[in-house]
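Worksheet: the structure to be examined is printed underneath.
The values are calculated or read from the model by the stated rules, or taken from the named source; none is laboratory data. Only a predicted model underlies this, so the values are computations on that prediction, with no experimental measurement involved. Here the Cβ positions follow ideal geometry from the backbone for every residue, glycine too, while neighbour counts run over all protein chains shown.
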Amino acid sequence: MSAITAEFIGTFLLILLGCGVIANVVLKDTKGHNSGWIVITTGWGLAVYVAVVVAGPYSGAHINPAVTLGLAAAGVFPWEDTGSYILAQFLGAILGAFAVWVMYRDHFDRTDSPGMQLGVFSTAPAIRNIWSNLFSEVLGTFVLVFTVLYFTDATLVEEGTIIGLGSLGALPVAFLVWGIGLSLGGTTGYAINPARDLGPRILHSLVPMKNKGSGDWGYSWIPVVGPIIGGVLAALLFLALS
């Protein structure tokens, strides 16, 4: 598998399972209806785990333009590869959102609230305050990228034997995203990933649904710009401390 294919498939899996758990919680008449924030944050953490297990060995499993740009700004990823990675991430996110819409289509049609329908695809603030919302996305992504830059490879090489965590090596980033969601996600829904928010938001605008409302495009720049700022700031601090 090529690195670009891995980023596409990894982001597809991330959005399929991440937006999928939101659909299960907020849409009407699902088995998980109203099961709450803990289910959503846990589902997103496990979605990250699955995506990293699949994409990690081939691309490093960025699955997030803010991570890609942050790693490039820190000098640990080539700038010339950022465009292809980010394009693959956005396409994977759109396809993942499409798969969620297909799977939950009956439940979308039974859900009267346009806001709940949109909430499956994209984030929205609990209290709409542009600068506060932007800060939330900057801070959450800063924690994500800054911590990722300090991840180490848990392997021991001794007498020709390599001992490592294998697929369990994806657990740290899953716990990281889970922790961000639990602690910092209550203000904006913690997009912390431009592709995670904008890709599904685009898909929402394209598919037919009963009771469908707007895509809240006036807010859409915040979960794009905020994560990019947070990722770059994390890289700059990492470089300053190195």
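Figures for the structure shown
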| item | result |
| --- | --- |
| Qualifying residues in the range 184-238 (those that are out of contact with any helix residue (DSSP H, G or I) (no Cβ under 8 Å at 6 or more places or on another chain) and in a helix (DSSP H, G or I)) - the one surrounded by the most Cβ atoms within 10 Å (Cβ to Cβ) | 205 |
| Residue that is surrounded by the fewest Cβ atoms within 10 Å (Cβ to Cβ), among those in the range 114-151 that are not aliphatic (A, V, I, L, M) and not in a helix (DSSP H, G or I) | 150 |
| Condition broken by residue 42, with the remaining ones in (1) over 23 Å from residue 185 (Cβ atoms); (2) surrounded by fewer than 21 Cβ atoms within 10 Å (Cβ to Cβ) satisfied | (1) |
| Subset of the range 208-242 that is out of contact with any Lys or Arg (no Cβ under 8 Å at 6 or more places or on another chain) and among the polar types (S, T, N, Q) - its residue that is farthest from residue 71 (Cα to Cα) | 211 |
| Candidate set from the range 31-45 (those that are touching a Gly at 6+ places or on another chain (Cβ under 8 Å) and of a type outside the set (A, V, I, L, M, F, W, C)); member that is nearest to residue 100 (Cα to Cα) | 43 |
| First in the range 109-136 and at negative phi, second anywhere and among the acidic types (Asp, Glu) and at pLDDT 95 or above, Cβ under 7 Å, 6 or more apart | 110/29; 118/216; 122/197; 123/197; 124/216 |
| Residue match in the range 56-68 (condition: surrounded by fewer than 21 Cβ atoms within 10 Å (Cβ to Cβ) and β-branched (Val, Ile, Thr)) | no |
| The range 93-134, residues that are under 20 Å from residue 64 (Cα atoms) and either in contact with a strand residue (DSSP E or B) (Cβ under 6 Å, 6 or more places away or on another chain) or hydrophobic (A, V, I, L, M, F, W, C) (or both) | 93, 94, 95, 97, 98, 99, 100, 120, 121, 124, 134 |
